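Participant: Next up is a structure, given as structure tokens.
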Amino acid sequence: MVVPHHATGARLARHRLADELGGLVSPVLLADLVAVLAELVGNAIRHADPLPGGVVRVAWRLRPVPGGQVVQLRVTDGGATVGPRLRAASPDAVDGRGLHIVAGLASRWGVDRDGLGQCVWAEFDPACADRPDLLVAG
């Protein structure tokens with residue numbers, strides 16, 4: 001899906017993800033997916049240029065594996081001068097924790113770059129989960 005490179009884009013993406021995956025994954029996993037997607041789209045809107053047309057592309061994919069399914073989230077934007085990276089935030093800082101949330105909830109995350117810009121992705125793999133409530137739909 002494409003969403004506007006605007007704060008409303010994060011809301012639209014969260015609602016669509018929750019609607020489409022609500023019956024397919026556990027409620028705990030869905031909450032983590034929504035939180036991570038909100039961070040990734042919010043970061044794209046705050047720190048990166050839009051894709052042509054003033055949009056950000058958002059995608060998710062479920063892949064069955066033994067014990068559950070891998071869920072991958074992808075947010076593609078027009079890129080930024082400085083790529084996404086974990087950074088230290090002081091206790092009273094108002095920002096700087098978003099990718100720590102992504103890293104803490106997802107099994108792994110990363111950045112792919114191409115001619116259009118960059119794609120920040122996060123993957124949730126039940127083989128990496130130490131929480132059994134993330135493995136199957138409830």
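Participant: Can you give the FRET efficiency for His15 and Ile101, using 1/(1 + (r/R0)^6), R0 = 25 Å, r = Cβ-Cβ distance, to the nearest 0.05?
Facilitator: The value I calculate is 0.85.
Participant: Ok, one more. Tell me, in nm to one decimal, what length is gained between Leu62 and Leu116 on full extension, where the rule is 0.36 nm per residue of separation less the Cα-Cα distance?
Facilitator: Difference between extended and current length: 17.0 nm.
Participant: Near the amide H of Val70, under 5 Å away, which other amide H atoms are found, from residues 5 or more places off or on another chain, if H is placed in the peptide plane?
Facilitator: Here the answer is Arg63, Val65, since their amide H atoms fall under 5 Å of that of Val70.
Read-outs throughout are calculated quantities, based only on the coordinates presented, and are distinct from any laboratory measurement. Keep in mind the model is a prediction, meaning the values are calculated, not measured. Cβ atoms come from the backbone with ideal geometry, glycine included; neighbour counts cover every protein chain shown.
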